[in-house]
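First up is the structure itself, then whatever we jot down about it.
The values are calculated or read from the model by the stated rules, or taken from the named source; none is laboratory data. Fair warning: this is a prediction, and the values are worked out from it, not measured in the lab. Surface accessibility is based on the protein's heavy atoms, side chains included, excluding ligands, DNA and RNA. Shrake-Rupley method; radii C 1.70, N 1.55, O 1.52, S 1.80 Å.
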Amino acid sequence: MTQRPIIMSDKKDGDGDASVVVQTRPKTKRPPLYKVLLLNDDYTPMEFVVHVLERFFGMSHAQAFEIMLTVHKKGLAVVGVFSHEIAETKVTQVMDFARRHQHPLQCTMEKE
Ligand code: TYC
(Lines give C-alpha, C1' and ligand atoms only; values in the text may rest on other atoms or scores of the structure.)
Protein backbone atom coordinates (compact mmCIF):
# COMPACT_ATOMS: atom_id res chain seq x y z
CA MET A 1 0.00 0.00 0.00
CA THR A 2 1.18 3.55 -0.77
CA GLN A 3 2.25 5.77 2.15
CA ARG A 4 0.04 8.86 2.60
CA PRO A 5 0.98 11.96 4.53
CA ILE A 6 -0.66 12.32 7.91
CA ILE A 7 -2.77 15.49 7.65
CA MET A 8 -3.49 17.08 11.00
CA SER A 9 -6.80 18.97 11.24
CA ASP A 10 -6.88 22.56 9.90
CA LYS A 11 -5.55 25.01 12.43
CA LYS A 12 -7.58 28.18 13.07
CA ASP A 13 -5.25 30.71 14.67
CA GLY A 14 -7.81 33.47 14.94
CA ASP A 15 -6.20 35.60 12.18
CA GLY A 16 -8.26 33.83 9.56
CA ASP A 17 -5.15 31.99 8.38
CA ALA A 18 -5.87 28.26 8.02
CA SER A 19 -2.89 25.93 7.71
CA VAL A 20 -2.21 22.21 7.56
CA VAL A 21 0.53 20.37 9.39
CA VAL A 22 2.01 17.41 7.52
CA GLN A 23 3.55 15.03 10.01
CA THR A 24 6.36 12.75 8.84
CA ARG A 25 6.17 9.03 9.56
CA PRO A 26 9.14 6.66 9.60
CA LYS A 27 9.14 4.72 6.29
CA THR A 28 8.42 1.04 6.80
CA LYS A 29 9.81 -0.81 3.78
CA ARG A 30 8.60 -4.33 3.25
CA PRO A 31 11.50 -6.71 2.54
CA PRO A 32 11.87 -7.70 -1.12
CA LEU A 33 10.49 -11.11 -2.13
CA TYR A 34 12.20 -13.71 -4.28
CA LYS A 35 10.72 -16.21 -6.73
CA VAL A 36 12.15 -19.72 -6.56
CA LEU A 37 12.26 -21.26 -10.04
CA LEU A 38 12.59 -24.89 -11.04
CA LEU A 39 14.15 -25.56 -14.45
CA ASN A 40 13.48 -28.40 -16.86
CA ASP A 41 16.11 -30.85 -18.05
CA ASP A 42 16.00 -34.08 -20.06
CA TYR A 43 17.28 -36.46 -17.38
CA THR A 44 15.77 -35.86 -13.94
CA PRO A 45 12.93 -38.39 -13.46
CA MET A 46 9.45 -36.87 -13.19
CA GLU A 47 8.81 -38.74 -9.89
CA PHE A 48 11.94 -37.20 -8.39
CA VAL A 49 10.74 -33.66 -9.22
CA VAL A 50 7.31 -34.44 -7.76
CA HIS A 51 9.01 -35.67 -4.59
CA VAL A 52 11.12 -32.48 -4.37
CA LEU A 53 8.03 -30.29 -4.65
CA GLU A 54 6.22 -32.28 -1.93
CA ARG A 55 9.23 -32.41 0.38
CA PHE A 56 10.63 -28.87 0.14
CA PHE A 57 7.62 -26.82 -0.94
CA GLY A 58 4.84 -28.52 1.04
CA MET A 59 2.75 -29.33 -2.02
CA SER A 60 0.15 -32.08 -2.22
CA HIS A 61 0.92 -34.89 -4.65
CA ALA A 62 -1.63 -33.54 -7.15
CA GLN A 63 -0.25 -29.98 -6.92
CA ALA A 64 3.34 -31.22 -7.21
CA PHE A 65 2.50 -33.33 -10.27
CA GLU A 66 0.79 -30.36 -11.94
CA ILE A 67 3.75 -28.00 -11.35
CA MET A 68 6.24 -30.68 -12.46
CA LEU A 69 4.30 -31.02 -15.76
CA THR A 70 4.31 -27.22 -16.20
CA VAL A 71 8.11 -27.19 -15.82
CA HIS A 72 8.42 -30.16 -18.20
CA LYS A 73 6.29 -28.46 -20.88
CA LYS A 74 7.24 -24.78 -20.47
CA GLY A 75 10.87 -25.10 -19.39
CA LEU A 76 10.47 -23.55 -15.95
CA ALA A 77 7.96 -22.51 -13.32
CA VAL A 78 7.81 -20.46 -10.15
CA VAL A 79 7.43 -22.93 -7.29
CA GLY A 80 7.22 -20.40 -4.47
CA VAL A 81 7.83 -16.80 -3.35
CA PHE A 82 9.84 -16.18 -0.16
CA SER A 83 12.09 -13.78 1.73
CA HIS A 84 15.73 -13.78 0.56
CA GLU A 85 16.87 -16.10 3.35
CA ILE A 86 14.10 -18.66 2.92
CA ALA A 87 14.45 -18.63 -0.89
CA GLU A 88 18.20 -19.22 -0.58
CA THR A 89 17.58 -22.12 1.83
CA LYS A 90 15.07 -23.75 -0.57
CA VAL A 91 17.49 -23.43 -3.51
CA THR A 92 20.33 -24.96 -1.47
CA GLN A 93 18.12 -27.81 -0.21
CA VAL A 94 16.90 -28.68 -3.72
CA MET A 95 20.37 -28.44 -5.31
CA ASP A 96 21.98 -30.57 -2.56
CA PHE A 97 19.21 -33.17 -2.73
CA ALA A 98 19.45 -33.36 -6.56
CA ARG A 99 23.26 -33.67 -6.47
CA ARG A 100 23.11 -36.40 -3.80
CA HIS A 101 20.84 -38.37 -6.13
CA GLN A 102 23.00 -37.53 -9.16
CA HIS A 103 20.24 -35.70 -11.03
CA PRO A 104 20.99 -32.50 -12.98
CA LEU A 105 17.89 -30.70 -11.66
CA GLN A 106 18.44 -26.94 -11.41
CA CYS A 107 16.74 -24.55 -8.99
CA THR A 108 17.36 -20.79 -8.92
CA MET A 109 15.93 -17.64 -7.37
CA GLU A 110 15.25 -14.15 -8.69
CA LYS A 111 13.97 -10.93 -7.18
CA GLU A 112 10.22 -10.51 -7.77
N1 TYC B 1 11.89 -33.38 -18.37
C2 TYC B 1 12.06 -34.40 -17.37
C3 TYC B 1 11.78 -35.76 -17.97
O4 TYC B 1 11.18 -35.83 -19.03
C5 TYC B 1 11.16 -34.17 -16.16
C6 TYC B 1 11.46 -32.91 -15.42
C7 TYC B 1 10.42 -32.10 -14.99
C8 TYC B 1 12.79 -32.56 -15.13
C9 TYC B 1 10.66 -30.95 -14.28
C10 TYC B 1 13.05 -31.40 -14.40
O11 TYC B 1 12.24 -29.45 -13.24
C12 TYC B 1 11.99 -30.59 -13.98
N13 TYC B 1 12.17 -36.81 -17.29
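Tabulated results
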item: Of Lys29/Lys73; Lys29/Lys74; Lys73/Lys111, pairs whose Cα-Cα distance is over 29 Å; result: Lys29/Lys73; Lys29/Lys74
item: Two-decimal Rg/Rh across region 26-112, once Rg and the Kirkwood Rh are taken from alpha-carbon atoms; result: 1.02
item: Heavy-atom accessible area ranking, 1.4 Å probe, most first, across Leu76, Leu38, Leu69; result: Leu76, Leu69, Leu38
